[in-house]
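Report on the structure given below.
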Amino acid sequence: MFLSVFEIFKIGIGPSSSHTMGPMVAAARFLKSLGAKPTNSAARLTATLHGSLVFTGKGHGTDKAIILGLAGESPELLDPVQVDQIVAQMNAIVLGQRSIRFDPAGDIIFDFGPALVGHANGVVFRLTDIHGDIIARETYFSVGGGFVQTAAEREQAQNEKIEPLKVPYPFESAASMLKMGDDAGLSIVEMKRANEKVLRAELDLNVGLDRIWSVMKTCMDRGLAEQGQLPGGLKVRRRAADVFAKLKSEHGANHIQPHRVMDFLSVYAMAVNEENAAGGRIVTAPTNGAAGVIPAVMRYYIDHCLGAHEHGIHTFLLTAAAIGGIIKHNASISGAE
């Protein structure tokens, strides 16, 4: 079993990897799939949301995510600042050399009936002609962490033995990982790095890890500075900036308790979670909902621990990805599931 560090840690936007990033990826995939189909008679494209995507869709911006994906945007490259403008201007979908009118209010359909068989997060895209006859149709499931599968891919993954990528240390459980490490005399990170190098050169691996940490750190910096209310109807006030300012004012004082470490860890995680709730740029770890913990620990290590160095960030990310991959392989990282 092998799951890359760049599959566990994916750059995207908030507030949900399953309900925002996944539907955006699905919409973009469906749009791309139409390139090989005759679409001259196309008159309408619809996206029907099912299951958990319906009940939390508005709060998690699932409808916006569908629009962004159909506009050709991807979670990794999208600038969160541009989201509202892109959504407001979206009134047509480009298919090859032509475009068809798209009305999000009527063409994104919330089906409050039973969830689709296959997964709790389902969306069905349909391209039809002027008579309502289907030109193209595809069902996608958002299975957690920004991962997306078509209905056929989902069935294959559940019913067939898929040949895994051959890597030097193909551990599938914690026990097998530790045994391989003992037998080879290697640490978890050394085995994980060897596995990753099957797919990419070491320089590319290191550059990618640096980018992940850069996005995480930038996200924390924003969250530790921003004030005001989070978007949505609950009128939740941001707290991370005020808590962080208080902690900094007390830092170095003689009366600080040893457990103050938890206050710093908490505020770093809170900053990420508030940015995620605001629809900011985020890194799944392994989902948006759990995105605060990993960067919080790394930030504490870099800013507070004696002898910390940037190489330690690579060690932490690769080790966390090895453990996260075991969890995803044997269980699930989808909250709805």
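The values are calculated or read from the model by the stated rules, or taken from the named source; none is laboratory data. These numbers come from a predicted model, not from an experiment. Neighbour counts are summed over all protein chains in view; Cβ atoms, including those assigned to glycine, are modelled from backbone coordinates with ideal geometry. In case anyone asks, the SASA skips ligands and DNA or RNA and just uses the protein heavy atoms, side chains included. Shrake-Rupley method; radii C 1.70, N 1.55, O 1.52, S 1.80 Å.
Sequence-distant contacts, meaning Cα pairs under 8 Å at least 6 residues apart, place the relative contact order of the chain at 26 percent. The heavy atoms of E163 offer some 150 square angstrom of accessible surface to a 1.4 angstrom probe. Between the C-alpha center of the stretch 1-66 and that of the stretch 141-205 there is a gap of 24 Å. Rounded to whole numbers, the Karplus 3J(HN,Hα) couplings from phi for the stretch 96-106 are x, 9, 9, 9, 10, 5, 9, 10, x, 4, x Hz, using 6.51 cos²θ - 1.76 cosθ + 1.60 with θ = phi - 60°, and x at Gly and Pro.
Sites count as exposed loop sites when they are trypsin sites (Lys or Arg not before Pro), lie in a DSSP loop, and have at most 11 other Cβ atoms within 10 angstrom; the longest stretch of the chain without one is 1-160. Over the stretch 1-65, Cα pairs under 8 Å with separation of 6+ residues give a relative contact order of 50 percent.
Highest GNM mean-square fluctuation among G59, G145, G122, for the chain modelled with Cα contacts below 10 Å: G59. Close amide H pairs (under 5 Å, H built 1.01 Å from N) link A136 with L127, residues at least 5 positions away or on another chain. Of the complete DSSP H runs in the chain, those spanning 27 angstrom or more by Cα along the long axis with a mean Kyte-Doolittle score not below 0.0 are 202-225, 310-330. In this structure, the pairs whose alpha-carbon distance is over 27 Å, taken from K217/K248; K166/K328; K179/K328; K10/K235; K10/K166, are K10/K235. Here the Gaussian network model covers the chain, with springs between Cα atoms less than 10 Å apart; of L31, L234, L318, L234 fluctuates the most.
For A291, nonlocal amide neighbours, meaning residues 5 or more places apart or on other chains whose placed amide H falls under 5 Å from its own, are A285. Between the amide H of G146 and those of S18, G22, distances stay under 5 Å, these residues lying 5 or more places away or on another chain, with hydrogens modeled in the peptide plane. Comparing A65, A92, A27 in a Gaussian network model of the chain where C-alpha atoms under 10 Å apart are linked, the largest mean-square fluctuation is found at A92.
Accessible surface for V297 stands near 60 Å², nearest 10, in the context of the full protein assembly shown (1.4 Å probe). When the helices of the chain are scored as -39500 (n - 2.57) per DSSP H run of n ≥ 4 and the total is divided over every residue, the value at 222 nm lands at -14000 deg cm²/dmol.
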